[in-house]
Amino acid sequence: MEKFMEVGATVIQSVRLDEEKDALIILDQTLLPNEKRFLEIKKMEDLWEAIHSLRVRGAPAIGIAAGYGAYLGIKDSAATTFADLYEEFKKVRDYLGSSRPTAVNLFWALDRMEARLKEEADQSVESIKDALKSEAEKIRMEDEQVCEAIGNYALSLLEPGWGILTHCNAGTIATAKYGTALAPIYLGQAEGYDFKVYADETRPLLQGARLTAWELKEAGVDVTLICDNMASIVMKEGRIQAVLVGCDRVAANGDAANKIGTSGVAIMAKHYQIPFYVCAPLSTIDMTCSAGEKIHIELRSEEEITSKWYEKPMAPAGVKAYNPCFDVTDHELITAIITEKGIAYPPYHESLSTMFNK
Ligand SMILES: CSC[C@H]1O[C@H](OP(=O)(O)O)[C@H](O)[C@@H]1O
């Protein structure tokens, strides 16, 4: 944690609970890099909207928000028995679970909150509520340690001065701290690694341009923004020695869903013989999902492609658009999957299972 502070990185909590206000405080990521505004969220409808609209985004941050949401959703319940409280919890769980489909952390966190609630079944309603609050806090605190561990494992694969390409934003604001794919950048910076990071802009929602370029620049990291269709040229020019990406759900065979465009980057990396690493907390690995084709890919509105970020529409009125939010990178294109328990190499079914038993 201190290393992170030393390098002057943006120490910003994108999701936290404010106990005095009884609210979830969320950094509105849709406004970055132009405005740093925090939202106070008390109602479940507002949290659902914040997740759905990507005000809070990034698989681990969505999980943290859902954990707190599960607590806030039942905190003022008038239930006097476990059974009644559980009925209310299930409604909150199902509602928040419908906000986005792909990042498994949302469901992982809700399941974890439910398991804790059941463990406390013989306690009073008030102490069950307290237990849920502390479980949500635990999810957030653990994520910091998980990201730091991923960062250290990833750093062991990198060398000083390397050019690193990343896609979308798997940085500190997508997690409790450090990020997943950006964690080794921050930890390496403290050790004088002097990485040159290339950030794909990541159409259509521009998380690379708006968020990755912003947080790395704030931290004093050497970052260069490129359009998505420039990844090949920077690889060909020898500027990239490794690709690091985050992920939203990893299947048991190692297929990894991440922001749309990631699989194309992996195909190019293979062509140029550049290692392609996926950084994945165990909370993002879904061993119940056998392969990538089973992952539900979120489809988002056409307007995100045609006009959202422009003063004037960038496409003819009424044109059809297709806007899948994620794609799945085939496990054969992935050099290694870096978890908080170690580095998994192919065959992934075996190596990922081992990570869960450590
Ligand atoms: C560290 S999680 C990574 C992550 O979040 C992304 O998606 P979104 O912005 O839609 O929530 C993405 O695919 C990432 O790499």
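The values are calculated or read from the model by the stated rules, or taken from the named source; none is laboratory data. Quick caveat, the model's predicted, so the values are computed rather than measured. Note that each Cβ is placed from the backbone with ideal geometry, even for glycine, and that neighbours are counted across all protein chains shown. Ligands, DNA and RNA are excluded from the accessible area calculation, which covers all protein heavy atoms including side chains. Shrake-Rupley method; radii C 1.70, N 1.55, O 1.52, S 1.80 Å.
Could you give each residue of the range 284-292 its phi-based ³J(HN,Hα) in whole Hz, using Karplus coefficients 6.51, -1.76, 1.60 with θ = phi - 60°, and x for Gly or Pro?
9, 9, 10, 6, 7, 9, 6, 7, x
Heavy-atom accessible area per residue, the range 148-357, 1.4 Å probe: how many Å²?
Heavy-atom SASA per residue in the range 148-357 reads 40 Å².
What is the distance in Å between the Cα centroid of the range 9-56 and that of the range 267-328?
Using only Cα atoms to place each centre, the spacing works out to 23 Å.
Under unit Cβ charges (Lys, Arg +1; Asp, Glu -1), what dipole magnitude, rounded to 20 debye, does the range 2-144 have relative to its Cα centre?
500 debye
Amide H of Ile164 versus every other amide H placed in the peptide plane: which residues, excluding those fewer than 5 positions away on the same chain, fall under 5 Å?
Long-range HN contacts for Ile164: Lys196, Val197, Tyr198, Gln241.
Restricting everything to alpha-carbon atoms, can you work out Rg to Rh for the chain with a Kirkwood hydrodynamic radius?
Reported Rg/Rh, Kirkwood definition of Rh: 0.97.
Which whole-number value in Å² is the accessible area per residue of the range 2-144, probe 1.4 Å?
44 Å²
Taking Cα centroids, how far is the range 80-152 from the range 177-232 in Å?
31 Å
First compute the accessible area of the chain with a 1.4 Å probe, then give the percent of it belonging to carbon and sulfur atoms.
Accessible surface attributable to carbon and sulfur in the chain totals 51 percent.
Under a 10 Å cutoff between Cα atoms, tell me which one of Glu126, Glu302, Glu19 has the largest fluctuation in the Gaussian network model of the chain.
Checking each option, the largest mean-square fluctuation is seen for Glu19.
For a Förster distance of 56 Å, can you work out the FRET efficiency between the beta-carbons of Thr80 and Leu31, rounded to the nearest 0.05?
The computed FRET efficiency comes out at 0.85.
Taking a ≥ b ≥ c as the square roots of the Cα gyration tensor eigenvalues, with a/c under 1.5 meaning rounded and otherwise prolate when a/b beats b/c, else oblate, which class fits the range 148-357?
Cα axes put the range 148-357 in the oblate bin.
Could you give the Stokes-Einstein D for the range 2-144 in µm² per second, using the C-alpha Kirkwood radius, 10 °C, 1.306 mPa s?
Once the numbers are plugged in, D ends up at 103 µm²/s.
Could you derive backbone 3J(HN,Hα) for the range 60-73 from the dihedral phi with the Karplus parameters 6.51, -1.76 and 1.60 (θ = phi - 60°), listing whole Hz in sequence and x where the residue is Gly or Pro?
x, 5, 5, x, 5, 4, 5, x, 5, x, 4, 6, 4, x
Quick check for me: using +1 on Lys/Arg Cβ and -1 on Asp/Glu Cβ, what's the dipole size of the range 148-357 about its Cα centre, in debye to the nearest 20?
The dipole of the range 148-357 has a size of about 260 debye.
What are the ³J(HN,Hα) values, in whole Hz, obtained from phi via the Karplus relation 6.51 cos²θ - 1.76 cosθ + 1.60 with θ = phi - 60°, for each residue of the range 312-320 in sequence order, with x given for Gly and Pro?
With the stated coefficients, the range 312-320 comes to 10, x, 9, 8, x, 3, x, 5, 6 Hz.
Run through the range 283-357 and list the chymotrypsin sites (Phe, Trp or Tyr not before Pro) located in a DSSP loop whose Cβ has at most 14 other Cβ atoms within 10 Å.
Sparse-neighbourhood loop chymotrypsin sites (Phe, Trp or Tyr not before Pro): Trp309, Tyr310, Tyr322.
What number, rounded to the nearest 500 deg cm²/dmol, is the helix-based mean residue ellipticity at 222 nm of the chain, given -39500 (n - 2.57) per DSSP H run of at least four residues and division by all its residues?
-11500 deg cm²/dmol
With +1 on each Lys and Arg Cβ and -1 on each Asp and Glu Cβ, how big is the dipole of the chain about its Cα centre, in debye rounded to the nearest 20?
It works out to roughly 700 debye.
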